[in-house]
Amino acid sequence: MSDNSHNARHHVQLPSGKRIEVVYLDNPLPPSLGAERQQSSPTTDPLHVCFYCGGELVHPVDWAEAGTGQWRILLRCPECEATREGVFEQAAVESLDDELDRAAEALLSDLQRVTHANMAEEIDLFARALDADLILPCDF
């Protein structure tokens with residue numbers, strides 16, 4: 001069993017009130033990739049697609065301007081934990097930014113749908129409890 005004491009932890013409060021813990025691993029690379037980060041040169045592949053597993057959830061972990069129209073970015077795949085660092089052209093970075101915006105909109109849409117479904121279920125249960133005279137003034 002590995003020691004997880006150096007992993008970064010972040011607590012998130014969901015709209016439902018539930019708190020979850022997000023853990024960022026110290027060594028995010030799978031053992032098959034070794035302990036070194038994969039270096040990459042400019043590529044025409046979409047940056048949101050993992051070079052290792054093909055997953056489409058790659059996101060930037062760190063970035064810095066690397067020259068005129070170029071960015072040095074550390075990318076991470078949450079599916080296989082692979083990372084890749086490279087210098088990428090502005091057009092590829094803008095494409096990644098567009099993809100991240102699209103994904104954020106999709107997540108927010110899913111969150112709204114799930115929240116609505118949860119509330120609808122709670123309302124239905126409350127209405128059935130009222131109909132069955134299971135709710136009393138002392139419940140409030």
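The values are calculated or read from the model by the stated rules, or taken from the named source; none is laboratory data. It should be emphasised that the depicted structure is a prediction, and the values quoted were computed from it without experimental measurement. All Cβ positions, glycine included, derive from the backbone under ideal geometry; neighbour counts span all protein chains shown.
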Looking at (1) in a helix (DSSP H, G or I); (2) surrounded by fewer than 11 Cβ atoms within 10 Å (Cβ to Cβ); (3) among the hydrophobic types (A, V, I, L, M, F, W, C); (4) at pLDDT 90 or above, can you tell me which one residue 138 breaks? (4)
Among the residues of the range 37-56, is any within 30 Å of residue 18 (Cα to Cα), small (Gly, Ala, Ser), at pLDDT 90 or above and under 15 Å from the mean Cα position of the chain (by Cα)? yes
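Taking the conditions exactly as written (surrounded by fewer than 16 Cβ atoms within 10 Å (Cβ to Cβ) and assigned to a strand (DSSP E or B)), does residue 79 satisfy them or not? Let's see the steps before the verdict.
Working: surrounded by fewer than 16 Cβ atoms within 10 Å (Cβ to Cβ): yes; assigned to a strand (DSSP E or B): no.
The answer is no for residue 79.
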